[in-house]
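Trainee: Sharing a structure, written as C-alpha cells. Questions coming.
Every number in this text was worked out from the coordinates using simple rules, so none of it is lab data. Please read all numbers here as calculations on a predicted model, not as lab measurements. Positions of Cβ are generated from backbone atoms using ideal geometry, with glycine treated the same way; all protein chains shown enter the neighbour counts.
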Amino acid sequence: MQDFGAAFGDAFRLLLGFDPALMEIIGLSLRVSLTAVAISGLIGLPLGAILGVSRFRGRATVLVLLNTLMGLPPVVVGLLVYLMLSNAGPLGPLALLYTPAAMIIAQTILVTPIVAALARQTIEDMHAEYDEQLRILGVGRWGMVATLLWDARYSLLTAMLAGFGRAVAEVGAVLIVGGNINHVTRVMTTAIALETSKGNLALALGLGVVLLLLAVVINAAVMGLRSTAARSAHA
Amino acid sequence: MPFDTPTSSRNDRRVLPIAADGLVVERAGRRIIDNIDLEIGGHGVTVIMGPNGAGKSVLLRLLTGLLRPDAGRVTWAGRRPDRGRAPALGMVFQKPVLLRRSALANVRYALRTGGRAERARRAEQALVRAGLQHLARTPARMLSGGEQQRLALARALAPDPEVLLLDEPCANLDPAATAAIEALIRDAKSRGTRIVLVTHDIAQARRLADDVTFLHDGRVVEAAPAADFFDQPASSAGRAYLEGRLLID
C-alpha cells in the first residue's frame, strides 16, 4: 500500500504535468458525457415541455414512470444496453459494444429522464402562469412549447448540468458497455475503479480530484446561472 | 382547445360585434354566470361593474374565448371565436403576465404579421405611446408595477386590436400609475379601439365609461349609458352599489 501523502503528491504531479494518459482519459470522459447530455437535451427538453403543457388520460402514470426513471440504477441500464448491443442482441450487427458510442447510448438513457422530468416541472409551472396570456395572443400549442422552452432557458440549463453531473460520475453503465479498454473506452470513473484495485493510487486520486473539481465547476455554474437569471429577472 | 381552427381568410379578421347569447357558467352547483345576453359593438368604453363575485372577470374570459360557457354561446362578428382573429382582440389582466424578455421583445412577441422591419417599427411605436421607449432593453420583469401594466397595455395595443378588454388593470396601482393607464385607454379609444373595462373603482368608471353594464349574482341587472346609470340607476342593486352600501346577499 502506497503512502497516502505520496499518492496525493503524485496525483498533483500528474495533473500539473498534463500527463498524457490522464488527459486522454479525461478527454474521453468529457466527450462521452457531454455528447450524452447534448442528445438527452434534444430529446428530454421537448419531451418535458410537451408533458408540461399537455393534459391527457394516463398522464399521472407517465409522470410517475418518468420520475422513477430518474433513479435508474446505472448497472441496470448498462446491462440492458449490453443485451441490446451484444452479438446475440437485436442491435448486435451494429458492432457498437465496447465502443464510446455504446457508452454514449447508455448515458443518454440514464440522463434523458432526468432532463425530461426536471424540464417538465419547470415548464408546467411557467405554463400555469403564461397559458391565458399566450392564448389571448393567439399562440398555438407548438408556439407555446417553443416560447416556454426559451423563457425557461436558465432553469433548463440547470437541468442539463444536473444531467451532466450524473453522467460523468456514474461508473456502472460505462463499465459494462464500454469494458474499460485502455485508449478506447477508459473513462475517469472506470479508470479509478481499476487503478484502485491495482493499487495505483496516484492515478486514481488524480482522476478523483478532477471529478471533484468538475463537481465544483458544475455547482458554481449552476449558481452563476441562477444569479444571472435573478439579475435579469428571468427566474 | 378553446379555439376553433384558425381562419384562412386574411380580410376576415373582424371580431366586432362581440355577442353573448344565453351564457351560463356553473361551478359547484352554483350559477356564477346566469343567462347573460350582451352585445359589444359600436364605439366607446363599456365599463362592467359589480360587487365581488358578480361574475365580471368570468364574463370577460367568456367574451375572449378563454373560457367556454356551460350553456349559450359567444360569437365574434357572428362566428365562433378562433385563434386566427386573436390579434383583433387585446386583453390586459389584473396582474400583467410578462415574458422573461426585454420590454421591447415583449411587444414584438405580440406582433405576428408584417415583415421584420415593420414589426420592429410598430413595437417601437407602441413603446413610445406608453412612454416606455427608454426602458426598451430592460428585462420586462425588472420594471415597476405601473410600468409592467403599461407594458402589458402597450403589448395588447401593438397589433392595433379592434377591441381591448381590461380586467381591473389598475387594481394594484397607485394614483400616478392609474392616471397613466387611463391616459393610454383614452388614447386607444380616440384611435377607434372599442374598450371593455372591468373595474371596482366607481370614480374610475365615472371618468372613463360611455356606458355601464352592471352585474350582480351572475346576471346583468342594468345596462345603460354612463350618465343615466350614475345619475339615476334603474336597479336597486346598482343604486346600493353606487351609494357605497354593501351588497351582501
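Trainee: Across the residues of B:39-46, average count of Cβ atoms on other protein chains within 10 Å?
Mentor: That average works out to 0.
Trainee: Now, a different point. For segment A:136-193, what number results from the quotient of the Cα radius of gyration and 2.2 N^0.38 Å?
Mentor: The value comes to 1.85.
Trainee: Kindly work out what percent of the DSSP beta bridges joining two residues of the protein assembly as shown are antiparallel, to the nearest 5.
Mentor: 55
Trainee: Further question on the same structure: Hey, with R₀ at 25 Å, roughly what FRET efficiency would B:VAL128 and A:GLU129 work out to, going by the Cβ-Cβ distance, to 0.05?
Mentor: Efficiency for this residue pair is about 0.35.
Trainee: Once a ≥ b ≥ c are taken as the square roots of the eigenvalues of the Cα gyration tensor of segment B:25-173, is the result rounded (a/c under 1.5), prolate (a/b larger than b/c) or oblate (a/b not larger than b/c)?
Mentor: Since a/c reaches 1.5 and a/b is larger than b/c, the shape of segment B:25-173 is classed as prolate.
Trainee: Could you compute the net charge surrounding B:ARG239? Neighbours are other residues with a C-beta less than 13 Å from the C-beta of B:ARG239; K and R count +1, D and E count -1.
Mentor: For residues surrounding B:ARG239, the net value is -3.
Trainee: Treat every Asp and Glu Cβ in chain B as -1 and every Lys and Arg Cβ as +1, leave all other atoms uncharged, and give the resulting dipole magnitude about the Cα centre to the nearest 20 debye.
Mentor: Approximately 1440 debye in magnitude.
Trainee: Same structure, new question: Taking the Cα atoms only, what angle lies between the long axis of helix B:116-129 and the longest principal axis of chain B, rounded to 10 degrees?
Mentor: Between the helix axis and the principal axis of chain B, the angle is about 50 degrees.
Trainee: I would also like to ask the following. By counting other Cβ atoms within 10 Å of each Cβ, how are B:MET91, A:MET223 ranked from fewest to most?
Mentor: A:MET223, B:MET91
Trainee: Something else now. Let me spell out the model: positive unit charges on the Cβ of Lys and Arg, negative unit charges on the Cβ of Asp and Glu, origin at the Cα centre of the protein assembly as shown. What dipole size does that give, in debye rounded to 20?
Mentor: The calculated dipole for the protein assembly as shown is roughly 940 debye.
Trainee: Quick one: work out the % antiparallel among DSSP beta bridges in segment B:97-224, nearest 5.
Mentor: Here the antiparallel bridges make up roughly 55 percent for segment B:97-224.
Trainee: Viscosity 0.890 mPa s, temperature 25 °C: give me the Stokes-Einstein translational D for segment A:1-65 in µm²/s, with Rh taken as the Kirkwood radius over C-alpha pairs.
Mentor: 154
Trainee: Can you give the helix-only mean residue ellipticity at 222 nm for chain A, where every DSSP H stretch with n ≥ 4 adds -39500 (n - 2.57) and the sum goes over all residues, rounded to the nearest 500 deg cm²/dmol?
Mentor: -26500 deg cm²/dmol
Trainee: I've got another one for you. So which chymotrypsin sites (Phe, Trp or Tyr not before Pro) in segment A:7-49 pass both tests, a DSSP loop state and at most 12 other Cβ atoms within 10 Å of the Cβ?
Mentor: Within segment A:7-49, the qualifying chymotrypsin sites (Phe, Trp or Tyr not before Pro) (loop, at most 12 other Cβ atoms within 10 Å) are A:PHE18.
Trainee: For B:ALA28, put the label point 7 Å out on the Cα→Cβ axis and report which residues of segment B:43-67 keep their amide N under 20 Å from it.
Mentor: B:51-59
Trainee: Now, a different point. Return P(r) of segment B:111-240 (all Cα-Cα pairs; 10 Å bins starting at 0; whole %; ordered from short to long distances).
Mentor: For segment B:111-240, the pair-distance distribution reads 11, 37, 30, 15, 6, 0.
Trainee: Quote the charge dipole size of segment A:1-113 about the Cα centre in Debye, to the nearest 20; the model charges only the Cβ of Lys and Arg (+1) and of Asp and Glu (-1).
Mentor: About 740 debye.
Trainee: Just rank B:ILE32, A:ILE26, fewest to most, by other beta-carbon atoms within 10 angstrom.
Mentor: So the ranking, lowest neighbour count to highest, is B:ILE32, A:ILE26.
Trainee: Using only Cα atoms, what Kirkwood radius does the protein assembly as shown have, in angstroms?
Mentor: 26.5
Trainee: Turning to a different aspect of this structure: In a Debye calculation with equal point scatterers on the alpha-carbon sites of chain B and no solvent, what is log10 I(q)/I(0) at q = 0.18 Å⁻¹?
Mentor: -1.44
Trainee: Now, a different point. In which sequence would B:GLU147, B:GLU39, A:GLU132 go, from the one with the fewest C-beta neighbours within 10 Å to the one with the most?
Mentor: Taking fewest neighbouring Cβ atoms as first place, the list is B:GLU39, A:GLU132, B:GLU147.
Trainee: Also, quick follow-up: Take peptide A:128-135, look around each residue's Cβ out to 10 angstrom, count Cβ atoms belonging to other protein chains, and average those counts.
Mentor: That average works out to 5.
Trainee: From the helices alone, meaning DSSP H stretches of at least four residues, give me the mean residue ellipticity at 222 nm for chain B, per-run term -39500 (n - 2.57), in deg cm²/dmol to the nearest 500.
Mentor: After summing the helix terms and dividing by residue count, I get -9500 deg cm²/dmol.
Trainee: Could you identify which residue out of B:ALA224, B:ALA140, B:ALA117 has the top mean-square fluctuation in a GNM of chain B using Cα springs shorter than 10 Å?
Mentor: B:ALA117
Trainee: If you don't mind, there's one more thing I want to ask. Two-decimal Rg/Rh of segment B:84-170 from alpha-carbon positions, Kirkwood Rh?
Mentor: Over the Cα atoms of segment B:84-170, Rg/Rh equals 0.93.
Trainee: Something else now. Counting only other chains, what is the mean number of Cβ atoms within 10 angstrom of the Cβ of each residue in peptide B:91-100?
Mentor: 5
Trainee: Just to be sure I understand the curve: with the Debye formula and one point per C-alpha of chain A, what is log10 I(q)/I(0) at q = 0.07 Å⁻¹?
Mentor: -0.29
Trainee: Measure nothing fancy, just the Cα-based angle from helix B:145-157's long axis to the longest principal axis of chain B, in degrees from 0 to 90, nearest 10.
Mentor: Tilt of helix B:145-157: around 80 degrees.
Trainee: Taking N as the number of residues in segment A:94-174, what is its Cα Rg relative to 2.2 N^0.38 Å?
Mentor: The reported ratio for this selection is 1.44.
Trainee: Once the piece of chain linking B:ALA179 and B:ALA117 is laid out straight, how much longer is it, given 0.36 nm per residue of separation minus the C-alpha distance between them?
Mentor: Here the segment from B:ALA179 to B:ALA117 would lengthen by 19.1 nm.
Trainee: Cα convex hull of segment B:50-106: mean projected area in nm², to one decimal?
Mentor: Its Cα hull, projected and averaged over all orientations, spans 5.7 nm².
Trainee: Follow-up. Report the gain in length on full extension from A:ARG57 to A:ARG31: 0.36 nm times residue separation, minus Cα-Cα distance, nm rounded to one decimal.
Mentor: That works out to 5.4 nm of additional length.
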